[in-house]
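A.B. asks: Mind looking over this structure? Questions follow.
Any read-out appearing in this document is the output of simple, stated calculations on the displayed coordinates, not a laboratory observation. Source: prediction; values computed, not measured. Here the Cβ positions follow ideal geometry from the backbone for every residue, glycine too, while neighbour counts run over all protein chains shown.
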Protein chains: 2
Amino acid sequence: MKNVTIKDIAKLAGVSRGTVDRVINNRGNVSKMVEEKVIRIANELGYEKNIIASRLASTKVYKIAVVLPSPESDLFWAIPKEGILSALNLVKYYRIKVEFLEYNISSSEEFSFQVTKAIKCKPDAILMAPLFLKESEELINTGEQEKIPFLTINSELNHNNILSYTGQSSYHSGYLAGKLFDINLQHDDEVIVLNLAHEISNAPHYTDKVKGLIDYFKEHKTKHINVSWYEFDDFLNGEVLLKRFKETQKKHPEMKGIFFTNSRAYRLLDLLEKEEIEKYKIIGFDMIEQNLKYLKNGIIDFIINQNPFNQGYNGLMNFVNHFIHNKEIKKQEYLPLDIVVKENVDFYYK
Amino acid sequence: MKNVTIKDIAKLAGVSRGTVDRVINNRGNVSKMVEEKVIRIANELGYEKNIIASRLASTKVYKIAVVLPSPESDLFWAIPKEGILSALNLVKYYRIKVEFLEYNISSSEEFSFQVTKAIKCKPDAILMAPLFLKESEELINTGEQEKIPFLTINSELNHNNILSYTGQSSYHSGYLAGKLFDINLQHDDEVIVLNLAHEISNAPHYTDKVKGLIDYFKEHKTKHINVSWYEFDDFLNGEVLLKRFKETQKKHPEMKGIFFTNSRAYRLLDLLEKEEIEKYKIIGFDMIEQNLKYLKNGIIDFIINQNPFNQGYNGLMNFVNHFIHNKEIKKQEYLPLDIVVKENVDFYYK
DNA sequence: AAAAAAATTGTGCGCGTGCAAAATTATTTA
DNA sequence: TAAATAATTTTGCACGCGCACAATTTTTTT
């Protein structure tokens with residue numbers, strides 16, 4: 001079962017390897033008759049290009065720009081980068097050049113700046129997390145004019161210049177949180193959603209989570225659990241944050257569950273006494289070190305893991321599959337909604 | 001930043017490529033002086049072998065025998081095979097030959113027969129699920145004499161002829177089940193462990209699960225939950241199975257939780273009426289089609305997913321990393337203990 | 001119809017490594 | 001010390017494909 005090579009095709013078609021090469025790679029300058037014949041024979045033999053030989057011989061260097069928040073500004077983002085590097089390691093000799101560009105997670109200006117810079121690199125594609133909705137759309141349009149497609153991770157966005165999305169379904173992660181509260185709460189308890197984010201954002205990956213949570217309790221009314229939500233935008237200021245939380249407590253005496261919509265649960269928990277907070281069922285996102293502390297001491301009950309490693313890994317593999325292997329890639333690849341508790345936390349990618 | 005090649009080393013060392021090649025690959029017939037010089041220069045330059053060029057040029061075909069239960073005898077095993085094929089697809093042109101050998105999951109004789117056959121193929125390694133403890137140990141010994149190392153998935157076994165284990169920690173999956181029961185059960189409820197397996201087995205991947213579950217409740221006594229366990233070995237006979245379950249029910253009036261230690265929950269559930277069974281909290285393993293039905297209609301509450309796809313994928317990648325990339329591979333790679341509920345089931349590998 | 005231009009096809013080298021045969025150098029034997 | 005043997009090193013082809021350039025054929029122009 002030797003693999004079919006262009007040499008085999010050339011011999012059968014009665015032409016030279018060069019001609020077969022031109023047909024296979026659409027380099028033109030081949031007469032219609034010959035082209036058809038070569039294609040027919042290639043199909044008959046079930047020819048598949050030997051990618052490693054191809055990449056070895058080719059001088060073309062594929063270029064991808066990766067634009068992600070800096071781990072310094074948000075710890076979560078260290079892991080997707082590891083995923084990217086790990087994928088890269090698998091395809092080390094494919095002549096792929098990666099340009100890493102980082103921005104402060106709170107700065108939409110820096111985000112725009114770096115994506116613009118990425119576009120100027122004229123890469124084959126840009127892999128990014130489009131955290132800022134409005135800016136992202138504009139930038140993706142700009143990219144489209146320059147014929148630079150995008151691959152996205154973490155937050156979903158619709159645009160026909162986006163080749164793929166790898167990440168969770170925000171809606172369903174909220175819905176799942178509903179289920180987890182439902183198991184753990186009592187009749188007439190109340191769930192409060194806290195969004196600790198700088199811009200009071202209408203980013204879909206936030207609103208969809210809330211929608212999912214609310215929908216869950218619309219569909220499951222046996223316990224009469226009520227949901228309210230708040231945005232704390234100046235969460236970096238401990239005093240203000242604490243004050244706003246106290247107000248919320250007062251306003252919602254039946255509050256028994258707290259749902260943090262992102263990885264910043266620890267920001268509030270750092271400010272509270274254990275006794276005061278352990279009466280709440282708490283669900284947050286992301287297995288970053290600061291949150292794990294609270295998961296392990298029983299303050300956070302569930303963490304929903306967003307598979308940051310695979311976001312990076314699969315994101316880059318999508319690039320490879322699309323550009324190098326010429327494979328169809330899925331427009332949406334929804335990653336699992338991992339339920340992380342104290343008892344299984346050690347087995348997830350730390 | 002061009003990559004360093006043997007040519008570069010050869011030039012700097014003042015020898016030919018062939019000599020460098022012999023040093024790099026320990027082919028001998030090189031004088032000590034030259035060898036040391038080449039090694040020194042290679043290290044200085046940070047030489048890394050270009051694997052794709054290497055595999056392209058080499059005539060050596062790596063051979064791996066894969067011995068797994070047939071999907072016909074146990075559906076679970078369709079997925080690890082998919083994982084293996086998927087990994088294989090990534091390294092398609094590395095000249096790896098895979099010999100798939102299947103056995104009926106209930107037959108230790110067939111297992112031994114196929115592993116013996118695998119050894120006779122004289123592969124570079126054997127990837128298998130050592131479901132039968134005693135037989136496995138003997139076979140691994142035989143393999144050791146023939147210098148054939150093993151890679152294992154799914155059930156853990158200690159032997160120094162085993163290069164790696166990829167799968168869950170059975171103990172912790174039982175422990176996790178304890179936690180899940182604890183959340184969902186009441187004071188003085190009882191949990192029954194059901195092991196539906198042919199041989200009343202002392203296989204560690206069964207006993208460890210029970211141990212984990214029991215330990216959980218040893219450490220968490222607030223609800224006074226009691227645990228008992230039973231082996232149903234003739235589970236294929238519906239009548240007998242049902243009878244034995246009824247007996248168990250009678251014997252344990254406080255039974256409120258049922259823990260199935262493997263993927264065969266559906267075998268019993270198929271025999272019971274919905275009304276009769278929905279009062280129990282049920283935890284089982286593996287996202288096979290027949291179980292998913294019961295997860296989706298609310299009869300099974302939790303499925304612990306064993307990542308069958310990754311068992312296969314990582315198992316094969318371990319082979320590649322060890323033999324082709326010459327990388328250290330971990331002796332134990334514990335996969336996540338995924339908690340699957342109705343609300344997140346669609347996002348796990350079906 | 002010859003020359004020029006255009007279109008098509010063929011050839012050879014290189015990517016980085018493996019491998020075996022040939023060539024060179026060092027060592028032993030007679 | 002020459003010949004034989006052993007040890008070491010070099011050389012060249014191969015893997016399958018990309019690519020630049022050469023060679024050939026066809027078409028157009030004069």
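A.B. asks: Run through every distinct alpha carbon pair of the range B:196-251 and return the Kirkwood hydrodynamic radius in angstroms, one decimal place.
C.D. replies: Details: mean 1/r = 0.0770 Å⁻¹.
Averaging 1/r across every pair of different Cα atoms and inverting gives 13.0 Å.
A.B. asks: If R0 is 45 Å, what FRET efficiency do you get for B:Glu190 and A:Arg27 from their C-beta distance, rounded to 0.05?
C.D. replies: Working: r = 73 Å, r/R0 = 1.62.
FRET efficiency, B:Glu190 to A:Arg27: 0.05.
A.B. asks: Give me the percent of DSSP beta bridges within chain A that run antiparallel, rounded to the nearest 5. Present the calculation step by step, with values, prior to reporting the outcome.
C.D. replies: Working: 3 of 43 bridges.
In chain A, approximately 5 percent of DSSP beta bridges are antiparallel ones.
A.B. asks: To make sure I understand the rule: partners must be aspartates and glutamates, Cα under 14 Å from the Cα of A:Lys211, and not fewer than 8 residues away in the same chain. Which ones qualify?
C.D. replies: Cα-Cα hits under 14 Å: A:Glu219.
A.B. asks: For the range A:170-305, state what percent of all Cα-Cα pairs lands in each successive 5 Å bin, counting from 0 Å until the bin that includes the largest distance.
C.D. replies: Using 5 Å bins, I get a P(r) of 2, 11, 22, 25, 23, 13, 4, 0 for the range A:170-305.
A.B. asks: Would you mind pulling out the separation of the Cα centroids of the range B:63-96 and the range A:222-293, in Å?
C.D. replies: Each part's Cα centre sits 46 Å from the other's.
A.B. asks: Over the Cα atoms of the range A:41-118, what radius of gyration and what Dmax do you get, in Å?
C.D. replies: Values for the range A:41-118 (Cα only, Rg and Dmax): 17.7, 56 Å.
A.B. asks: Give me the net charge of A:Asn161's neighbourhood, meaning all other residues with Cβ under 13 Å from the Cβ of A:Asn161; Lys, Arg count +1, Asp, Glu -1.
C.D. replies: Values: positive: A:Lys147, A:Lys331; negative: A:Glu137, A:Glu138, A:Glu144, A:Glu146.
That sum, taken over residues with Cβ under 13 Å, equals -2.
A.B. asks: Give me the net charge of B:Gln311's neighbourhood, meaning all other residues with Cβ under 15 Å from the Cβ of B:Gln311; Lys, Arg count +1, Asp, Glu -1. Please list the in-between numbers first.
C.D. replies: Details: positive: B:Lys81, B:Lys330; negative: B:Asp74, B:Glu82, B:Glu156, B:Asp286, B:Glu333, B:Asp338.
Counting the neighbours of B:Gln311, the net charge comes to -4.
A.B. asks: Cross-link partners among aspartates and glutamates for B:Lys330, C-alpha distance below 14 Å, same-chain residues fewer than 8 apart left out?
C.D. replies: B:Glu156
A.B. asks: Now a separate question. Quick check: residue separation of A:Leu236 and A:Leu133 times 0.36 nm, minus the Cα distance between them. What number comes out in nm?
C.D. replies: Numbers: separation 103, 0.36 × 103 = 37.08 nm, distance 2.23 nm.
That pair, A:Leu236 and A:Leu133, stretches by 34.8 nm at full extension.
A.B. asks: In whole percent, what relative contact order does the range A:170-305 give with Cα contacts below 8 Å and a gap of six or more residues? Write out the running numbers ahead of the final one.
C.D. replies: Values: 240 pairs, mean separation 36.8, N = 136.
27 percent.
A.B. asks: In nm, one decimal, shortest first: how far is the label point of B:Ile183 (7 Å from Cα along Cα to beta carbon) from the matching points in the other copies?
C.D. replies: 0.3
A.B. asks: In addition: How long are the semi-axes of the equivalent ellipsoid of the range A:6-49, defined as square roots of 5 times the Cα gyration tensor eigenvalues? Whole Å, largest first. Before the final figure, lay out the partial values.
C.D. replies: Details: eigenvalues 39, 21, 20 Å².
Each semi-axis is the square root of five times an eigenvalue, giving 14, 10, 10 Å.
A.B. asks: At A:Ser107 and A:Gln290, where each label point lies 7 Å from the Cα along Cα→Cβ, what is the point-to-point distance in nanometres?
C.D. replies: So the two model labels end up 1.9 nm from each other.
A.B. asks: Only bridges whose two residues both fall in the protein assembly as shown count here: according to DSSP, what percent of them are antiparallel, nearest 5?
C.D. replies: About 5 percent, rounded to the nearest 5.
A.B. asks: Right, next: Run lengths n ≥ 4 of DSSP H only: what is the helix-derived mean residue ellipticity at 222 nm for the protein assembly as shown, with -39500 (n - 2.57) per run over all residues, to the nearest 500?
C.D. replies: Working: 28 runs with 300 residues, N = 700.
Value at 222 nm, helices only: -13000 deg cm²/dmol.
A.B. asks: What aspartates and glutamates could a cross-link reach from B:Lys63, if we take a straight Cα to Cα line under 20 Å and drop same-chain neighbours fewer than 8 places away?
C.D. replies: Cα-Cα hits under 20 Å: B:Glu82, B:Glu99, B:Glu102, B:Asp124, B:Glu144, B:Glu146, B:Glu328.
A.B. asks: While we're here: Starting from a label point 7 Å past Cα on the Cβ side, list the distances from B:Ser31 to the same position in the other copies, nm, shortest first.
C.D. replies: Computed spacing set for this position: 6.1 nm.
A.B. asks: May I pose another question? With the label 7 angstrom out along Cα to Cβ, how close does A:Gly298 come to the same site in each of the other copies, in nm, nearest first?
C.D. replies: 3.2
A.B. asks: Can you compute the radius of gyration and Dmax for chain B, using only the Cα atoms, both in Å?
C.D. replies: For chain B, the Cα radius of gyration and maximum Cα-Cα distance read 25.0, 85 Å.
A.B. asks: Holding the Cα-Cα limit at 32 Å, pick out from A:Lys11/B:Lys327; A:Lys49/B:Lys296; A:Lys2/B:Lys32; A:Lys81/B:Lys81 the pairs that are longer than that. Walk me through the numbers before you get to the answer.
C.D. replies: On the way: A:Lys11/B:Lys327 40 Å; A:Lys49/B:Lys296 43 Å; A:Lys2/B:Lys32 40 Å; A:Lys81/B:Lys81 29 Å.
The pairs that break the limit, which is 32 Å between Cα atoms, are A:Lys11/B:Lys327; A:Lys49/B:Lys296; A:Lys2/B:Lys32.
A.B. asks: Now, a different point. For B:Ser54 and A:Lys97, what is the calculated FRET efficiency with R₀ set at 22 Å and r taken between the beta-carbons, to the nearest 0.05?
C.D. replies: Details: r = 22 Å, r/R0 = 1.00.
Calculated value: 0.50.
A.B. asks: Subtract the Cα-Cα distance of B:Lys327 and B:Lys147 from 0.36 nm times their separation in residues, and report this length gain in nm to one decimal. Spell out each step's value before the answer.
C.D. replies: Details: separation 180, 0.36 × 180 = 64.80 nm, distance 1.91 nm.
So the chain would gain 62.9 nm between B:Lys327 and B:Lys147.
A.B. asks: On to the next question. If you build the Cα gyration tensor of the protein assembly as shown and take the root of 5 times each eigenvalue, what three semi-axes come out, in whole angstrom, biggest first?
C.D. replies: Values: eigenvalues 424, 275, 113 Å².
Its equivalent ellipsoid spans semi-axes of 46, 37, 24 Å.
A.B. asks: Looking at this model, which pairs from A:Lys122/B:Lys7; A:Lys122/A:Lys331; B:Lys251/B:Lys293 are more than 26 angstrom apart at the alpha-carbon? Walk me through the numbers on the way to the answer.
C.D. replies: Numbers: A:Lys122/B:Lys7 32 Å; A:Lys122/A:Lys331 23 Å; B:Lys251/B:Lys293 29 Å.
Distance filter (> 26 Å) returns A:Lys122/B:Lys7; B:Lys251/B:Lys293.
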